[in-house]
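Worksheet: the structure to be examined is printed underneath.
The values are calculated or read from the model by the stated rules, or taken from the named source; none is laboratory data. In this text the structure is predicted, and so the values were computed from the model without any measurement. Methodologically, a virtual Cβ is constructed for each residue, glycine included, from the backbone with ideal geometry; neighbour enumeration extends over all protein chains shown. Ligands, DNA and RNA are stripped out before the accessible areas are found, and what is left, the full protein with its side chains, is counted by its heavy atoms. Shrake-Rupley method; radii C 1.70, N 1.55, O 1.52, S 1.80 Å.
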Amino acid sequence: MSIFQGVMQEELDRNLRKQEAFHRELASLRKGYLCLCVIDGIPYLYRKHREGKRIVSEYIGKPDDPKSLEAKRHREAYLLAKNSLKELRIEEKRLRKAIKDYAGL
């Protein structure tokens, strides 16, 4: 194995480890999106997610409550992990292609 192949394989292994870490993080965070609903002029925050074919709304609280702020932080962490995982998958495809193309030379 050449130095190039060794380096690329190490990068691929690192990428796969990071993907696994993001999968674990996503499993620990709650799915769904946050929705601000105004009822009788008072704003309330809900988390909506899918259970089977139904969309279920879960009451969180008023937008300035600590529980709502925590829900917002969790949602931001979920989106960051999801986007990072997407980028890692794209990088994995590029690494696999580079390794395959180099081996075919």
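From the set of residues in segment 60-80 that are closer than 10 Å to L45 by Cβ and of a type outside the set (G, A, S), which is least open to solvent (accessible area, probe 1.4 Å)? Lay out the reasoning, then the answer.
Restricting attention to segment 60-80, the residues satisfying the condition of being closer than 10 Å to L45 by Cβ are 60-65, 67-69, 71-72.
When the remaining residues are screened for being of a type outside the set (G, A, S), the result is 60, 62-65, 67, 69, 72.
On the way: I60: 15, K62: 87, P63: 36, D64: 118, D65: 54, K67: 134, L69: 78, K72: 74 Å².
Going through the qualifying residues, I end up with I60.
Taking only pairs six or more apart or across chains, which ones have beta-carbon atoms under 8 Å, a first residue in segment 57-81 that is farther than 10 Å from L26 by Cα, and a second residue that is open to solvent by less than 70 Å² (accessible area, probe 1.4 Å) and part of a helix (DSSP H, G or I)?
Matching pairs, first to second residue: I60/S68; I60/A71; G61/S68; K62/S68.
Could you grab me the full set of residues in segment 47-79 that are of a type in the set (A, V, I, L, M) and in contact with a helix residue (DSSP H, G or I) (Cβ under 6 Å, 6 or more places away or on another chain)? Break it down into steps so the answer makes sense when it comes.
Initial filter on segment 47-79 (of a type in the set (A, V, I, L, M)): 55-56, 60, 69, 71, 77, 79.
Across segment 47-79, the qualifying residue is only I60.
Conditions first: (1) under 11 Å from the mean Cα position of the chain (by Cα); (2) open to solvent by less than 70 Å² (accessible area, probe 1.4 Å); (3) at pLDDT 95 or above. N83 passes all but one, so which condition is the exception?
(2)
If you take the residues in segment 86-105 that are at pLDDT below 95 and open to solvent by less than 80 Å² (accessible area, probe 1.4 Å), which one is nearest to the chain's Cα centre (by Cα)?
Only one residue tops the list, namely L95.
Please determine whether any residue of segment 16-29 is touching a strand residue (DSSP E or B) at 6+ places or on another chain (Cβ under 9 Å) and open to solvent by 60 Å² or more (accessible area, probe 1.4 Å).
Just the residues of segment 16-29 that are touching a strand residue (DSSP E or B) at 6+ places or on another chain (Cβ under 9 Å), to begin with: none.
So far as segment 16-29 goes, no, none of its residues is touching a strand residue (DSSP E or B) at 6+ places or on another chain (Cβ under 9 Å) and open to solvent by 60 Å² or more (accessible area, probe 1.4 Å).
Would you confirm whether any residue within segment 31-41 is under 21 Å from L80 (Cβ atoms), open to solvent by 100 Å² or more (accessible area, probe 1.4 Å) and within 17 Å of the chain's Cα centre (by Cα)?
Yes, some residue in segment 31-41 is under 21 Å from L80 (Cβ atoms), open to solvent by 100 Å² or more (accessible area, probe 1.4 Å) and within 17 Å of the chain's Cα centre (by Cα).
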